[in-house]
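These notes concern the structure reproduced below.
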Amino acid sequence: MRIKDILNPESMIMSLKATNKEEAINEMADLEVATGVVNDKDEFVKSIWARENQSTTGIGEGIAMPHARNKSINKARVLFAKSDQGIDFDSLDGQPVHLFFMITAPDGADNTHLQALAKLSGLLVNPDLIAKLKAATKPEEIIDIFTAAEDAKDAEEKAAAEKAAAKKAEDAKEDKSDKPLIVGVTACINGIAHTYMAEQALIKAGEKLGAEVRIETNGSEGVKHELTADEIKRAKGVIIASDKKVKMARFDGKELIAGPVVDGINKPEELVKDILAGKGSVYHDSGNSEEASEAKASGLHAIYQQLMNGISHMLPFVIGGGILMAISFLVEQYMGGAKTEAFVFLNNAGSMAFAFMVPVLAAYIAEAIGDAPALMPGFVGGFMATVYKGSFGGAYVASVNHSANSAAGFLGGIAAGFIAGYIVVGLKKLFKGLPKSVEGMKPMLIYPILSLLLTALVMFFIINPIFGALNAGITAFLNHLGTGNLVLLTAILAGMMSIDMGGPFNKAAYVFASGAFANDPNSKTAAILMAAVMVGGMVAPFATAIASAFFKNKFTDEERKAGITNWILGFSFITEGAIPFAAADPSRVIPSSVIGSAIAGALVGLLHVGVPAPHGGFWVSPLATNIPGYFLAVIIGSIVAAVILGFWKKPVNK
């Protein structure tokens with residue numbers, strides 16, 4: 001794909017009216033919506049500001065490149081805008097911005113789009129190109145300037161490739177030792193623009209200073225131009241210009257300079273000169289997966305990311321194990337009872353996977369905090385949370401709680417993950433000053449022993465007794481809920497499934513129900529809670545399917561086609577099928593879905609519908625304790641949501 005394919009005269013503002021940063025972003029966002037590039041201005045602007053809050057996209061030299069990649073974007077596009085008077089955009093050099101390149105890429109953007117965006121970003125380090133863009137007065141001129149620059153760049157790269165091949169064929173007649181090699185990695189959070197601009201800037205700086213620069217990029221397409229062991233070995237030094245983690249162990253013993261990706265754009269010559277002058281620090285890998293150059297989240301957002309890391313790794317165990325257990329129940333009910341070999345095999349296989357649910361959750365919460373050294377203590381802490389006494393594998397007998405008569409369960413596992421993670425973080429700080437000669441002891445001896453000892457002590461004497469009692473109390477409370485309270489709880493859980501359709505609220509409701517189910521798979525109340533989140537997650541896709549079928553004038557052709565797919569997604573309990581509808585019209589789709597889901601959830605509690613399976617939608621309906629009630633709850637909730645949405649939405653031609 002060519003750069004001209006992501007530029008369009010309709011997406012150009014040759015004279016911005018805005019006088020400040022906020023006005024400029026809003027003016028450009030309005031055009032993105034008007035041209036159909038963006039379907040939700042509020043969400044899009046929010047994502048633009050989220051990127052700006054990480055670090056300004058005003059990269060200096062009068063250029064700003066605000067960019068976003070999410071579900072509110074329909075297509076890959078570069079909006080070009082000019083400001084004659086210049087706008088204060090918090091640029092890195094403090095100068096006003098005259099040229100804006102607002103880069104948009106949808107979540108599903110393919111590599112050809114991303115390659116074009118990357119190529120455009122790389123061209124912007126050319127001062128002659130910038131001068132021509134500033135002088136242009138018509139949109140067509142902008143496209144012609146980029147087309148010519150791209151042709152020249154392609155020809156230059158082709159010639160360089162041919163020259164390199166010729167050199168290789170001649171067996172490198174020139175001694176490479178005369179031209180020092182510098183290797184590096186560039187990466188930014190979104191990986192759309194800065195990654196590739198830093199790459200090009202460093203390569204050009206190397207050419208100017210007589211050095212061969214080889215850059216590995218870690219952008220939206222993944223890792224490209226990956227450095228080889230031979231290149232790293234031959235390199236004079238390493239430049240890391242990155243805002244996220246990169247693989248660092250391979251650079252052990254090399255002279256290295258690390259900084260944010262903007263350093264690669266704004267001071268590439270300084271970085272190259274420092275490496276050539278030997279001003280970098282020798283990097284020593286301690287073998288503990290501590291990796292440099294990461295833009296860390298903080299506060300509640302960091303906690304959420306750490307928890308989601310655990311949950312994302314846990315879900316395959318919950319779904320895989322739960323579905324096999326569900327199939328075993330079908331075998332028990334309809335194919336011979338609990339003594340058949342098929343039932344025993346399926347139930348045991350599912351139970352084994354389920355048994356790892358809490359340990360894996362805790363392990364990967366810990367890993368998100370303390371990296372690889374925290375994985376083992378997190379896993380053991382999570383395992384300690386799942387049992388309070390017993391024999392394992394027929395060989396080991398353990399009591400893992402002090403004065404407790406119940407497992408700490410799901411909540412104890414979450415606590416174990418955070419405790420193990422921060423214990424490892426503390427150990428890393430405590431032993432940071434060890435002599436280099438004993439660095440290898442940390443990952444092999446110090447971290448495993450001390451992290452396990454400290455995590456086990458906290459779990460044994462504090463967490464398990466407290467959370468064991470709490471878990472027992474919650475289980476008893478759930479099992480003795482009256483119908484009124486049960487209806488309220490199931491309505492809330494089901495409604496939460498549609499608030500953000502796969503986001504934090506959705507995950508919180510699902511985790512609560514699956515945690516109760518994991519604590520006691522035979523609990524009737526836990527099965528009812530699983531049914532509640534199941535129907536809550538099925539209503540939104542069904543509602544959009546129904547509404548788009550019966551209120552055709554309220555939906556676009558694309559939405560009506562998506563609505564057909566949502567019949568299958570709803571049947572399978574895949575809430576995310578409704579996300580495109582919610583992204584296009586959140587103020588109507590989300591409230592309608594929440595109301596319908598809450599009604600469906602309330603009916604589940606009222607009719608005591610239980611589904612002893614963590615996933616499957618209507619595919620696991622034979623397991624429901626009240627099969628007609630299960631279907632009835634989803635049908636009524638979906639119709640209510642669809643009718644509200646259908647009457648509430650405006651016709652598309654208006």
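Is one or more of the residues making up segment 33-45 touching a residue at least 40 places away in the same chain (Cβ under 8 Å) and basic (Lys, Arg)?
The answer is no; no qualifying residue exists.
Please state which one of 274, 252, 263 is over 30 Å from residue 505 (Cα atoms), touching a strand residue (DSSP E or B) at 6+ places or on another chain (Cβ under 7 Å), surrounded by fewer than 21 Cβ atoms within 10 Å (Cβ to Cβ) and at pLDDT 80 or above.
Matching residue, one of 274, 252, 263: 274.
Can you go through 107, 84 and tell me which one is among the acidic types (Asp, Glu) and touching a residue at least 60 places away in the same chain (Cβ under 8 Å)?
On inspection, the qualifying residue turns out to be 84.
Does residue 601 qualify as being buried (at least 24 other Cβ atoms within 10 Å of the Cβ), assigned to a helix (DSSP H, G or I) and modelled with pLDDT of 90 or more?
So residue 601 fits the description; yes.
Tell me yes or no: at least one residue of segment 576-584 is surrounded by fewer than 21 Cβ atoms within 10 Å (Cβ to Cβ), without any contact (Cβ under 8 Å) to a residue 60 or more places away in the chain, in a helix (DSSP H, G or I) and on the phi < 0 side of the Ramachandran plot.
Checking segment 576-584: not a single residue is surrounded by fewer than 21 Cβ atoms within 10 Å (Cβ to Cβ), without any contact (Cβ under 8 Å) to a residue 60 or more places away in the chain, in a helix (DSSP H, G or I) and on the phi < 0 side of the Ramachandran plot.
Can you find a residue that is open to solvent by 50 Å² or more (accessible area, probe 1.4 Å), part of a strand (DSSP E or B) and among the acidic types (Asp, Glu) anywhere in segment 84-103?
Yes, segment 84-103 contains a residue that is open to solvent by 50 Å² or more (accessible area, probe 1.4 Å), part of a strand (DSSP E or B) and among the acidic types (Asp, Glu).
Does residue 349 satisfy the criteria of being at pLDDT 80 or above, of a type outside the set (Phe, Trp, Tyr) and farther than 15 Å from residue 517 by Cα?
In short, yes.
On the given criteria, is residue 153 within 13 Å of residue 125 (Cβ to Cβ), modelled with pLDDT of 80 or more, open to solvent by 50 Å² or more (accessible area, probe 1.4 Å) and part of a helix (DSSP H, G or I)?
In short, no.
I want to confirm something. Restricting to segment 300-325 and keeping residues that are closer than 13 Å to residue 369 by Cα and open to solvent by less than 50 Å² (accessible area, probe 1.4 Å), which single residue is modelled with the lowest pLDDT?
Out of the qualifying residues, it is 302.
Every residue, every condition in (1) surrounded by 15 or more Cβ atoms within 10 Å (Cβ to Cβ); (2) modelled with pLDDT of 80 or more; (3) among the β-branched types (Val, Ile, Thr), yes or no:
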position: 411; (1), (2), (3): yes, yes, no
position: 418; (1), (2), (3): yes, yes, no
position: 427; (1), (2), (3): yes, yes, no
position: 443; (1), (2), (3): yes, yes, no
position: 449; (1), (2), (3): no, yes, yes
position: 454; (1), (2), (3): yes, yes, no
position: 459; (1), (2), (3): yes, yes, no
position: 464; (1), (2), (3): yes, yes, no
position: 482; (1), (2), (3): no, no, no
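For segment 604-611, indicate whether the set of residues that are in a helix (DSSP H, G or I), open to solvent by less than 50 Å² (accessible area, probe 1.4 Å), closer than 20 Å to residue 646 by Cβ and not hydrophobic (A, V, I, L, M, F, W, C) is non-empty.
No, every residue in segment 604-611 fails to be in a helix (DSSP H, G or I), open to solvent by less than 50 Å² (accessible area, probe 1.4 Å), closer than 20 Å to residue 646 by Cβ and not hydrophobic (A, V, I, L, M, F, W, C).
Taking residue 223, is it touching a Lys or Arg at 6+ places or on another chain (Cβ under 8 Å), β-branched (Val, Ile, Thr) and over 19 Å from residue 125 (Cβ atoms)?
no
Has segment 212-226 got any residue that is modelled with pLDDT under 90, open to solvent by 40 Å² or more (accessible area, probe 1.4 Å) and either touching a Leu at 6+ places or on another chain (Cβ under 8 Å) or not in a strand (DSSP E or B) (or both)?
Yes, some residue in segment 212-226 is modelled with pLDDT under 90, open to solvent by 40 Å² or more (accessible area, probe 1.4 Å) and either touching a Leu at 6+ places or on another chain (Cβ under 8 Å) or not in a strand (DSSP E or B) (or both).
Within segment 504-541, how many residues are open to solvent by 20 Å² or more (accessible area, probe 1.4 Å) and more than 24 Å from the chain's Cα centre (by Cα)?
Matching residues across segment 504-541 total 6.
How many residues are more than 21 Å from residue 134 (Cα to Cα), among the hydrophobic types (A, V, I, L, M, F, W, C) and open to solvent by 30 Å² or more (accessible area, probe 1.4 Å) when one looks only at segment 28-56?
The total comes to 4.
Quickly run through segment 241-287 and pick out the residues that are in contact with a Phe, Trp or Tyr (Cβ under 8 Å, 6 or more places away or on another chain) and either under 20 Å from residue 181 (Cβ atoms) or aliphatic (A, V, I, L, M) (or both).
Correct list: 248, 251, 252, 253, 254, 255, 256, 283.
Taking into account only those residues within segment 65-83 that are assigned to a loop (DSSP other than H, G, I, E, B) and basic (Lys, Arg), which is surrounded by the most Cβ atoms within 10 Å (Cβ to Cβ)?
So the residue we want is 71.
Select, from 59, 25, the only residue that is modelled with pLDDT of 90 or more and either surrounded by 20 or more Cβ atoms within 10 Å (Cβ to Cβ) or under 19 Å from the mean Cα position of the chain (by Cα) (or both).
25
The values are calculated or read from the model by the stated rules, or taken from the named source; none is laboratory data. These figures come from a predicted structure and were not determined experimentally. Here Cβ is always computed from backbone atoms with ideal geometry, including for glycine, and neighbour counts include all displayed protein chains. Protein only, heavy atoms only, side chains kept; ligands, DNA and RNA dropped before computing areas. Shrake-Rupley method; radii C 1.70, N 1.55, O 1.52, S 1.80 Å.
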